[in-house]
Amino acid sequence: EDFYIKINRLIIMYNRNKKIECKIYLLSKEEYLVVITKFENDLLSCRMLETNQELVINIHEIDEITIEKIN
């Protein structure tokens with residue numbers, strides 16, 4: 001429940017042109033530095049900061065999301 005609230009707040013801030021850099025840690029031990037842009041049907045859409053590519057992650061694969069920087 002808290003996880004969904006956090007995601008929704010991040011998307012609201014993105015839609016208000018606030019860039020919130022997050023680190024996403026996956027259960028597979030991968031991690032990505034991203035800006036979260038959309039959440040739909042258990043899929044989290046993000047923009048990777050290093051490459052500017054779109055990344056789509058199933059939320060059931062996420063271990064943790066941390067906020068790294070707010071611009």
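The values are calculated or read from the model by the stated rules, or taken from the named source; none is laboratory data. Small disclaimer: the values here were computed from a predicted structure and weren't measured. Ideal geometry is used to build each Cβ from the backbone, glycine not excepted, and the neighbour counts take in all protein chains shown. Ligands, DNA and RNA are stripped out before the accessible areas are found, and what is left, the full protein with its side chains, is counted by its heavy atoms. Shrake-Rupley method; radii C 1.70, N 1.55, O 1.52, S 1.80 Å.
The packing ranking of peptides 28-37, 53-62, highest mean first, is 28-37, 53-62, where packing means the average number of other beta carbon atoms within 10 angstrom of each residue. Largest mean-square fluctuation among 52, 41, 15, in a Gaussian network model of the chain whose springs join Cα atoms under 10 Å apart, belongs to 41.
Of the accessible area of the chain, computed with a 1.4 Å probe over protein heavy atoms only, carbon and sulfur atoms account for 45 percent. For the chain, the 222 nm mean residue ellipticity estimated from helices alone, with every DSSP H stretch of n ≥ 4 adding -39500 (n - 2.57) and the total spread over all residues, rounds to -6500 deg cm²/dmol. Note that the chain presents 69 Å² accessible area per residue, ligands and nucleic acids not counted, probe 1.4 Å. Within the set [x] 22; [y] 9; [z] 16, the number that percent of Cα pairs over 22 Å apart takes when calculated for this structure is listed as [y]. Charge dipole of the chain (Cα centre as origin; +1 on each Lys and Arg Cβ, -1 on each Asp and Glu Cβ, all else neutral): 480 debye, rounded to the nearest 20.
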